[in-house]
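Visitor: My questions will all concern the structure given below.
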Amino acid sequence: ALSEQGGAGLGTLGLSASRAEAMARQAGFTRFRKLPVDHAVNAFYEIRP
């Protein structure tokens with residue numbers, strides 16, 4: 001949160017696919033892919049160990 005010192009500020013538009021993948025890998029997940037869902041606002045990802 002930007003309201004916290006050193007926060008990531010991911011918010012509504014701050015979480016890009018590359019940032020989401022980096023966070024998933026940092027959490028120990030090894031497989032990450034964007035799902036082929038055509039949506040005007042949201043992106044959908046499959047994340048697996």
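Visitor: Quick one: what pairs do we get from region 13-40, first residue assigned to a loop (DSSP other than H, G, I, E, B), second at pLDDT 95 or above and hydroxyl-bearing (S, T, Y), C-beta under 7 Å, 6+ apart or different chains?
Guide: Cβ pairs passing all conditions: L35/Y45.
Visitor: If you scan region 13-30, which residues turn out to be of a type in the set (K, R) and within 8 Å of the chain's Cα centre (by Cα)?
Guide: Residues of region 13-30 that are of a type in the set (K, R), as a first pass: 19, 25.
If the condition is that a residue be of a type in the set (K, R) and within 8 Å of the chain's Cα centre (by Cα), then R19 is the only one that fits.
Visitor: Among residues belonging to region 28-47 that are at pLDDT 95 or above, in contact with a strand residue (DSSP E or B) (Cβ under 7 Å, 6 or more places away or on another chain) and aliphatic (A, V, I, L, M), point out the one that is surrounded by the fewest Cβ atoms within 10 Å (Cβ to Cβ).
Guide: L35
The values are calculated or read from the model by the stated rules, or taken from the named source; none is laboratory data. Keep in mind that what you see is a predicted model, and the values were worked out from it rather than measured. Positions of Cβ are backbone-derived with ideal geometry, glycine not excepted, and every protein chain shown enters the neighbour counts.
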